[in-house]
Ligand SMILES: Cc1cc2nc3c(=O)[nH]c(=O)nc-3n(C[C@H](O)[C@H](O)[C@H](O)COP(=O)(O)OP(=O)(O)OC[C@H]3O[C@@H](n4cnc5c(N)ncnc54)[C@H](O)[C@@H]3O)c2cc1C
Ligand code: SF4
Ligand code: SF4
């Protein structure tokens, strides 16, 4: 069975100008209870890799540079 | 190696006490076990990261069930919880909690976790329950996880983050022998031999499907996919009263409590579309949820949390707690919709179903020391059967289980298990990674949970339940033969899908077995509308016997705190009487 993906807006956004993942920071990736954040191989910045969020906020609260924002996603809003 | 690749390697470690789940009960259990025998080895295994895992990830708004001298006695608390659970409780376990929890509050206080105190420096407890006074607010409750984590670091425990436990190992003599776990970022296996194991894996929170359309937008921390229930089941432990579902009153669309526990003591209350009270008491019980459900079904719905009659300063104080501590995205949610508590009521709704003893009474059967029916295996927190346990129950019973598990470990040697069990489990776990083509785990999960909503949500109809069992069997077959996982993250999700379908089957089986109605909405059967104390004043115990799901009754032990006849149905009288 071939697979296709369905578009979705992700709730968690990272301000790439503020993210310092390229200096070795992985705080948001480490704290997320659902393990949905990753550092991009391309941009070297954190991003939401899986749309499996609990809207709990450790990623935003613990980011040392204030780069993360957790938004209420569209279907909940 | 990049993250999420599948390696499938394997290593083995051993310890005296293994604690699985590092949310609330788990850290406390591990701490107490270690403090009891400091040179023993204690491993705390966690699917996420102990720093921010579990229901208390961001903090908590208060203790919902604190038994504090001067406000309440262990006898009063035991009585209230017995009545709230229609009499079906193991009072010894409830009483043990009630008499131990005050010392745990003092201990948490000494860790720097802040509780509300009055001018005299005494704990400022509020009344929310039907009868007694047990709610202790934590306006600075965001400190809880951090304070706990500091203690863990100090105690030099071995913490293994990002390991998901998948199955327990049992010895040839029937004792617990350890557990198998898989790393969620590289699929490395870890076999942990242990003399005793404490399960602290939280509620089964991904059983029903939230109507928002987001599978992880659940009331419970969505990492709690019922793995603990499934593992206990496959290890042969008994699970108690699973038909007493968890169903909670939440904010409509948002997956957090509206929170009458926080706002109630300030004068807020649950109201219908007239803005009028319809229930006597906002404490969560099956009976209260039934009145909530009835109101929603009547022309008087929706149901709201009403605060707009309160003074603006009071509302600011409530907002400070509700928008900052336990579910801090709540403030954003209201802001998006321009909801001002001063002007309008907050629309509420009913949550998806789940298993949870923290809020209701569905859990792995334990005695007053947290011992399950498998020797050496313990459980604490939301997944253990002590009813209405909440956060303080997780801490207190985690602590009791930690100490008892270490005493047990001190007296025994490792149990011998069959190495073939490990090979079989490795094969089961990795099966979805071996397929080229098939159904992704999220669709297996979605279908299971959609069926749970369609067929298992109360009121429970026998025919619907039987249909659900047939549909679950079909999904299970698809899962076993066609599910695919392309990286280790998807592998974790596929294992969760398997726990979820196990829980769905258990929910159906347990509910069909108890042929009466009890616990208000939690177990409301349309074909057996009445409570039947003659035949069903008992626990039900579900277990795997010779590979088959089996339910049996277990008598309720003699009470240690007697309940008078005129007190027994106090929780049945929730609805406010309309005066003519
Ligand atoms: C939104 C919300 C609000 C609440 N508000 C209050 C309140 O105000 N007052 C109150 O007293 N109680 C409250 N409660 C209840 C209270 O938080 C819980 O009863 C308590 O925290 C449960 O503790 P626990 O240790 O059983 O579960 P958790 O703290 O959820 O921990 C379970 C842990 O197990 C881990 N885990 C799961 N599966 C696996 C696996 N396979 N392998 C390894 N690890 C695994 C999870 O990642 C998690 O860290 C609230 C609960 C929620 C969800
Ligand atoms: S915590 Fe902040 S700075 Fe660090 S990786 Fe995440 S977004 Fe970047
Ligand atoms: S809000 Fe919670 S679940 Fe979502 S990305 Fe942040 S930490 Fe992870």
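What does the average come to when, for each residue of peptide B:326-337, you count the partner chain Cβ atoms lying within 10 Å of its Cβ?
4
Per-residue mean of other chain beta-carbon atoms within 10 angstrom of the beta-carbon, peptide A:70-76?
For peptide A:70-76, the averaged partner shielding equals 6.
Once the convex hull of the alpha carbons of the stretch A:17-70 is built, what does its volume come to per residue, in cubic angstrom?
71 Å³
Quick one: angle between helix B:91-110 and the longest Cα principal axis of chain B, in degrees between 0 and 90, rounded to 10, please.
The angle comes out at about 90 degrees.
Can you compute the helix-only [θ] at 222 nm over chain B? Use -39500 (n - 2.57) per DSSP H run of at least 4 residues, normalise by all residues, nearest 500 deg cm²/dmol.
About -11000 deg cm²/dmol.
Can you give me the relative contact order of the stretch B:117-251 as a percent, contacts being Cα pairs under 8 Å and 6 or more apart?
It rounds to 14 percent for the stretch B:117-251.
Send over the semi-axes of the stretch B:420-538's equivalent ellipsoid, whole angstrom and largest first, taken as the square roots of 5 times the C-alpha gyration tensor eigenvalues.
So the equivalent ellipsoid measures 34, 15, 10 Å along its semi-axes.
Mind listing the Cα extents of the protein assembly as shown along all three principal axes, in Å, largest one first?
72, 60, 54
For helix B:74-84, what angle does its Cα long axis make with the longest principal axis of chain B, in degrees from 0 to 90 and rounded to 10?
Approximately 90 degrees, to the nearest 10.
Quick one: if the Förster radius is 30 Å, what FRET efficiency do residue B:313 and residue B:211 give, using the C-beta to C-beta distance and rounding to 0.05?
0.30
Let me know the mean shielding of A:43-56 by other chains, meaning the per-residue number of their Cβ atoms within 10 Å of its Cβ.
Partner Cβ neighbours, averaged per residue: 5.
How much of the pair distance distribution for the stretch B:249-350 lies past 15 Å, counting alpha-carbon pairs only, in percent?
59 percent
Using Cβ counts within 10 Å as a stand-in for footprinting exposure, how do A:22, B:119, A:30 rank, fewest first?
B:119, A:22, A:30
Please work out the C-alpha center-to-center distance from the stretch B:336-404 to the stretch B:511-561 and express it in whole Å.
The two parts, judged by their Cα centres, are 20 Å apart.
Rounded to the nearest 10 degrees, what's the angle between the helix B:488-513 long axis and the longest principal axis of chain B, both from Cα atoms, 0 to 90?
Once rounded, one gets 60 degrees.
Give me the one-decimal Kirkwood hydrodynamic radius in Å for chain B, with the sum taken over alpha-carbon pairs.
One over the average 1/r among Cα pairs gives 23.9 Å for chain B.
How compact and how long is the stretch B:340-422, expressed as Rg and Dmax of its alpha-carbon atoms in Å?
For the stretch B:340-422, the Cα radius of gyration and maximum Cα-Cα distance read 18.7, 65 Å.
Of the peptides B:498-507, B:22-31, how do they stack up when ordered by the mean number of other Cβ atoms within 10 Å, highest first?
B:22-31, B:498-507
What order do you get for B:166-175, B:351-360, A:10-19, A:50-59 when each peptide is scored by the mean count of other beta carbon atoms within 10 Å, highest first?
So the peptides B:166-175, B:351-360, A:10-19, A:50-59, ranked by packing, come out B:351-360, A:50-59, B:166-175, A:10-19.
Among B:378-384, B:196-202, how do they line up from the highest to the lowest mean number of other beta-carbon atoms within 10 Å?
By packing density, highest mean first, the sequence is B:378-384, B:196-202.
All of the numbers you see were taken from the coordinates with simple rules; none came from a lab. Since we're looking at a predicted model, the values are computed, not measured. Every residue, glycine among them, receives a Cβ derived from its backbone with ideal geometry; neighbour counts consider all protein chains shown.
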